[in-house]
Amino acid sequence: MKICITSEGKDLNSQIDSRFGRCKYFIIYDTETMQYEALENSWKEAIGGAGIQAAQFVVQKGAKKVITGRVGSNAEMVLKKAGVSIFDFEGKVTEAIKKLMEEGND
């Protein structure tokens, strides 16, 4: 399963970015292969609609779960409509992945 973690950096030791639509990077992590890709958020500087566009991007990437801080109501609606679960977490990307796996949310 693919999960998306908003991140301040490009690797798994980066801090989670608390802003969904305006995060610096999206880390798409595959829980089966343990492989990931870090993708710069193209909408972080958008004047409007950053959250919706980011949510559509995450859905297109096939993520089933999002780990982040705050998600705006419009982005949340897009994610939930696509069946994507949202988890609020502070700390490092690796810590969030570990916690999600330990809780059986994979």
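Quick notes on this structure:
- Check on GLU103, more than 14 Å from the chain's Cα centre (by Cα), surrounded by fewer than 13 Cβ atoms within 10 Å (Cβ to Cβ) and without any contact (Cβ under 8 Å) to a residue 60 or more places away in the chain: yes
- Evaluation of GLN53 against (1) open to solvent by 20 Å² or more (accessible area, probe 1.4 Å); (2) not in a helix (DSSP H, G or I) (one fails), failing number: (2)
- The residue of segment 18-32 that is farthest from GLN60 (Cα to Cα), among those that are aromatic (Phe, Trp, Tyr) and not in a loop (DSSP other than H, G, I, E, B), is TYR25.
- Candidate set from segment 56-85 (those that are among the small types (Gly, Ala, Ser) and open to solvent by less than 10 Å² (accessible area, probe 1.4 Å)); member that is farthest from CYS23 (Cα to Cα): ALA63
- Note on segment 21-37: residues that are in contact with a strand residue (DSSP E or B) (Cβ under 8 Å, 6 or more places away or on another chain), touching a residue at least 12 places away in the same chain (Cβ under 8 Å) and open to solvent by 40 Å² or more (accessible area, probe 1.4 Å) amount to 3.
- Residues that are touching a Gly at 6+ places or on another chain (Cβ under 8 Å) and open to solvent by 40 Å² or more (accessible area, probe 1.4 Å), drawn from segment 1-20: LYS2, GLN15, SER18, ARG19
The values are calculated or read from the model by the stated rules, or taken from the named source; none is laboratory data. Just so you know, these numbers come straight off a predicted model, no measurement behind them. Note that we place each Cβ from the backbone using ideal geometry, even for glycine, and neighbour counts take in every protein chain shown. Just so you know, the surface numbers come from the protein's heavy atoms only, side chains and all, with ligands and any DNA or RNA stripped out. Shrake-Rupley method; radii C 1.70, N 1.55, O 1.52, S 1.80 Å.
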